[in-house]
Structure formats: C-alpha cells, structure tokens
Amino acid sequence: MTHKNFIQSGSCIFKTIGCLFSFLLFILVVGTVFFLYFYKGGNSYFDTPSGRNFEAKIKPVHTSSQHKTNKQETDSKQNKNNKSEVGKNLNNAFEVSLDELFKVYNENKYAFNLKYKNKYLKISGSVQEVEADEKNVPHIKVFGGIGKTLVVDLVKNQESLAINLKKGDNITAIGYLEKIEETFLSQQAFLRNSSIIIQTEQREISKETPVDKKE
C-alpha cells in the first residue's frame with residue numbers, strides 16, 4: 001500500500017468515526033430533551049406539562065353544580081318510575097281477606113304461592129300495634145286471628161300516616177305479598193311497598209230519654 005492510499009484510507013476511517021459520533025451525539029441530545037420534557041419532576045407522564053395537557057383534553061370536566069343537577073335528574077326519573085310502577089300495581093291489586101289468605105296457605109302452599117305470593121293484594125283489617133325498627137321505620141301489624149298477623153310496610157311517602165294510627169283502627173292495605181313466616185305458635189304475612197286507607201267510622205251515640213212511669 002502506498003503512502004497516498006494509506007492516508008486516504010485513514011481519512012475514510014476518521015470520517016466514519018466522526019459520522020457515528022455525530023449520530024450518537026444527536027441521539028443523546030434528543031433523548032435528553034425527551035426525558036427533561038416528559039419525565040422530569042414526576043413519577044409518570046401525566047405529571048409533566050405535556051401529560052397534564054393531554055389528560056385535560058381527554059378527561060371530562062364536571063363541576064359540582066353539574067354533578068348535583070345530573071344526580072337530581074336521575075333521582076327524579078327513578079322516583080317517577082317507582083310511583084308509576086306502584087300505581088299500576090295498586091290498580092291491579094287482588095282483594096282478599098286475611099282469613100282466606102291464611103286458610104289457603106295452611107291447606108295448600110303450592111296453590112298459595114301461585115295465587116298470592118309476590119302479587120299485589122288489597123287486604124283490610126284491624127290494627128294490632130305499630131312498631132318501629134332501629135331506623136324508626138314504622139311496621140303496622142294487622143290482626144289476622146289468634147297467632148296470625150299481617151305486617152304492613154309502607155312506601156316512603158306514606159310512612160307519616162302511621163303517626164295517628166291506634167290499636168283497633170280499621171285500615172285497608174294495598175301492597176305486594178312477599179312471604180309468610182311461621183313459628184310453632186305464630187304466622188306472619190309481610191305486605192311490602194304498601195299504601196293504606198284509614199277507615200274512619202262515624203259512631204252515632206243514641207241517648208235514651210227517660211220516660212216517667214205512671215203507676
């Protein structure tokens with residue numbers, strides 16, 4: 001190899017090394033800028049300015065008033081649906097006496113389930129007592145015979161009607177019959193989502209006028 005060729009060969013090697021060095025330097029600079037912009041000062045991409053901007057674009061903005069309005073609209077629709085469903089069932093309620101209800105249950109539970117269970121019923125009777133649970137929700141007990149009771153749970157907007165009820169008051173309850181629970185000595189039927197009609201009776205007191213007896 002001549003001296004001239006050796007110099008040309010060395011020059012090519014230096015140019016190649018220089019190109020590689022420039023390329024590596026470029027990659028290093030780009031990587032450093034990328035790191036500083038996207039990841040410095042945070043644990044994730046969304047802690048960086050770019051990440052926060054991106055998150056703001058894709059995340060829906062809900063103000064407290066908007067959230068409250070949406071919740072109120074949802075609750076209102078739910079209440080309307082519930083009232084509509086209850087009203088429809090009350091109009092289609094099947095009237096039955098407590099004597100008949102317990103009689104069918106004790107004679108043929110299969111027939112009872114088909115005819116009455118989970119059906120909307122209209123039942124009249126005399127108030128035995130009004131209880132309140134730990135949440136102060138009223139439970140009206142209606143006398144159905146010795147050892148037999150109908151427990152009436154009211155819909156929310158009728159719970160206040162239980163305030164003026166007394167033992168012996170006659171009511172008509174309309175609700176769906178969930179189940180009958182029995183022990184050795186007693187049976188309880190549970191009427192849920194009920195509305196009640198309080199039957200007010202006008203009692204006329206007759207006064208006898210004494211008549212003088214002539215002897």
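A short reminder: the numbers here are calculations on the coordinates, not readings from a lab. Bear in mind that the values here come from a model prediction, so they are computed numbers and not experimental data. Every residue, glycine as well, gets a Cβ built from its backbone with ideal geometry; the counts of neighbours run over all protein chains shown.
For segment 126-189, applying the loop criterion from DSSP together with a ceiling of 13 other beta carbons within 10 Å to the GluC sites (Glu not before Pro) yields 134.
For the listed residue pairs 103/167; 122/179; 109/148; 135/156; 115/141; 103/179, the alpha carbons are over 18 angstrom apart in 103/167; 115/141. Straightening the chain between residue 165 and residue 139 buys 8.2 nm, computed as 0.36 nm per residue apart minus the Cα-Cα spacing. Of the three principal axes defined by the Cα atoms of segment 136-177, the extents in descending order read 31, 23, 20 Å. For segment 89-187, the set of chymotrypsin sites (Phe, Trp or Tyr not before Pro) satisfying both a DSSP loop assignment and a count of at most 16 other C-beta atoms within 10 Å is given as 184.
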